[in-house]
Amino acid sequence: MDNSLRRLDLNLLLTLDALLAEHNVTRAAERLHLSQPAVSVQLARLREAFGDPLLLPGPRGMRPTARAEELREPLHQALQALGRAVAPSRPFDPAQATQTWRVAASDYGESTILLPAMRRLRAAAPRTRLAVLELNPPALARQLDQGLLDLAFHIGTEAPPGLRRRPLFVERYVLAGRHGHPALKRRPTLARFCKLDHAIVSPDGGGFHGVTDAALARVGVTRHVALSVPHFLFLESVLATTDLVAMVPERLVRGHAALRVVEPPVDIPGFEMAMLWHERVHRDPAHAWLRDLIAKAV
């Protein structure tokens, strides 16, 4: 920063702006809500700082010097810009907003969180844009910290530390298969459940072991996992068109016309879905509005 600027008090620049507007110490003092002697003292300090008299006595008040005339407009514009920068944030008006929000979610989060919120978002803030990015848990903290993401939706227990969070709902697992599946006319026994051909979603790719298998291992049994897929969307189509079954989050298949849903014969721990964001946007009115809209939608 320029040393000349370091030597100046902001209050001195405000006084100079008022003096250059009024050309009169008394009127400038009234404008600044200061006494006339206080403004005179500040004018003396300004003259010393700039090495120029700045304002000279004249027949109708004070006349600015050539240096003062050079300062008048850029100083006034700079002070106005500074005033806007430090002014309190205006209330967020979604109807006029043009933000582009970037959020990260798995296909499960897209279906259970973002899809229910879309109608409200489009109705309330039609000029905004939403970019949905694939969830990348190892990079999540960095992406939120660097402003590459505004929000992320992830399992609460797997969320990176140090982020703001808001629990959205607790999910439970159910057993799903096609309508008319002979093994799903009623809740299957544990033995029957283990004999079925199962499909599993493996976000990391290619895995054939999940929370269901861990629960079965605790009671000393295993199941046959015949298919591993990376996304829930494909899994829904597989279940609707084959005799494969799957343990799936209930919200994902609730009301699905092509699927039959029953209670599983083994207790599978559920999970909490959370909305995550960085501290730097926590108090931003637009960001807070988006968070509230999504939370209410789910």
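Taken over the range 134-152, the criterion of being open to solvent by 40 Å² or more (accessible area, probe 1.4 Å) and part of a strand (DSSP E or B) is satisfied by Glu134 alone. For the range 153-190, a tally of residues being in a loop (DSSP other than H, G, I, E, B) and not aliphatic (A, V, I, L, M) returns 12. Starting from residues that are in contact with a Ser or Thr (Cβ under 9 Å, 6 or more places away or on another chain), among the hydrophobic types (A, V, I, L, M, F, W, C) and over 23 Å from Leu149 (Cβ atoms), keep the ones in the range 253-285 and report whichever is surrounded by the fewest Cβ atoms within 10 Å (Cβ to Cβ). Ranking the qualifying residues of the range 253-285, first place goes to Ala258.
The set of residues from the range 180-208 being exposed (fewer than 13 other Cβ atoms within 10 Å of the Cβ), farther than 18 Å from Leu135 by Cα and not charged (D, E, K, R) comprises Gly180, Pro182, Thr189, Ala191.
Within the range 64-106, take every residue that is within 19 Å of the chain's Cα centre (by Cα) and of a type in the set (Lys, Arg) and give me the one that is most open to solvent (accessible area, probe 1.4 Å). Across the range 64-106, the extreme among qualifying residues is Arg90. Residue-level analysis places Thr128 outside the set of residues that are β-branched (Val, Ile, Thr), farther than 30 Å from Leu13 by Cβ and loosely packed, with under 14 Cβ neighbours inside 10 Å. Here the condition is being farther than 30 Å from Arg283 by Cα, modelled with pLDDT of 90 or more and open to solvent by 30 Å² or more (accessible area, probe 1.4 Å); of Arg31, Arg47, Arg60, Arg6, it holds for Arg47 alone.
Annotation: of all residues in the range 15-28 being open to solvent by 40 Å² or more (accessible area, probe 1.4 Å) and in a helix (DSSP H, G or I), the one that is farthest from Gln80 (Cα to Cα) is Thr26.
Look at the range 190-213: where a residue is at positive phi and a partner is not hydroxyl-bearing (Ser, Thr, Tyr), sitting 6+ places away or on another chain with Cβ atoms under 9 Å, you get Gly205/Pro230; Gly206/Pro230.
Considering (1) open to solvent by 40 Å² or more (accessible area, probe 1.4 Å); (2) of a type in the set (Asp, Glu); (3) out of contact with any Ser or Thr (no Cβ under 8 Å at 6 or more places or on another chain), the lone condition that Glu236 does not fulfil carries the number (1). If you check Val211, Val219, Val225, Val170 for being surrounded by fewer than 15 Cβ atoms within 10 Å (Cβ to Cβ), in contact with a helix residue (DSSP H, G or I) (Cβ under 8 Å, 6 or more places away or on another chain) and among the hydrophobic types (A, V, I, L, M, F, W, C), only one passes: Val219.
Counting only residues that are surrounded by fewer than 20 Cβ atoms within 10 Å (Cβ to Cβ) and under 36 Å from the mean Cα position of the chain (by Cα), the range 239-252 holds 3 of them.
Residues that are in a loop (DSSP other than H, G, I, E, B) and among the basic types (Lys, Arg) do not occur anywhere in the range 191-207.
The values are calculated or read from the model by the stated rules, or taken from the named source; none is laboratory data. Nothing here was measured: the structure is a model prediction, and the numbers come from that model. FYI the Cβ positions are ideal-geometry reconstructions off the backbone, even for glycines, and counts take in every protein chain you see. Areas reflect the complete protein model, heavy atoms only, side chains present, ligands, DNA and RNA absent. Shrake-Rupley method; radii C 1.70, N 1.55, O 1.52, S 1.80 Å.
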